[in-house]
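Peer 1: Provided herewith is a single structure, encoded as structure tokens, for subsequent inquiry.
None of the figures in this text is laboratory data; all of them are computed from the coordinates on show. In this text, all values refer to a predicted model and were calculated from it rather than measured experimentally. Quick reminder, even Gly has a Cβ in these numbers, built from the backbone with ideal geometry, and neighbours come from all protein chains shown.
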Amino acid sequence: MKRTNAIRSLLLSASLAGAVFAAPAYAQVSFNISIAPPAPYYEVVPTLSPGYIWAPGYWGWSGERHVWIRGRSIVHREGYNWAPDRWEQGNSGYYRTAGHWEHDNNYRYAKPKKEKNGRDHDNRGGRGNNGRGDKHDGGDRHGN
């Protein structure tokens, strides 16, 4: 009896694990519509903080009509360019391609310069002047 229950548990666990791995990991749904999107709105791009880029607005589809999705700032990915959302006309109507990151083939990663002691030239890693991770020259915050 115990052996039968153990085999059943093993088979159940294996089938559940197989179902998890067999499930597709696609998050996009593709559909065509026959109504062309309107011309894009003009949006004023705000001043962006360093490390951010602007993803322009686009026309989305609500199931009944086009709706404007406002532009937004997104964190820049080093070595990539943002390809904005766009609508294209095909044989059976219009279809939308969602915005996504594309690898920049012309981008070259810069390696940090190493000093003779093997540390990065710009002292990255939160190390201060004394190598302890703080920027004061001894003692703690309470004067010790």
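Peer 1: Out of residues 5 or more away from ASP85 or on other chains, whose amide H comes under 5 Å of its own, with H placed 1.01 Å from N in the peptide plane?
Peer 2: Correct list: GLY99.
Peer 1: Between beta-carbons, use under 13 Å as the cut-off and find the net charge around ARG77, counting Lys and Arg +1, Asp and Glu -1. Write down the numbers at each step before the final one.
Peer 2: On the way: positive: none; negative: GLU78, GLU102, ASP104.
Around ARG77, the surrounding residues sum to -3.
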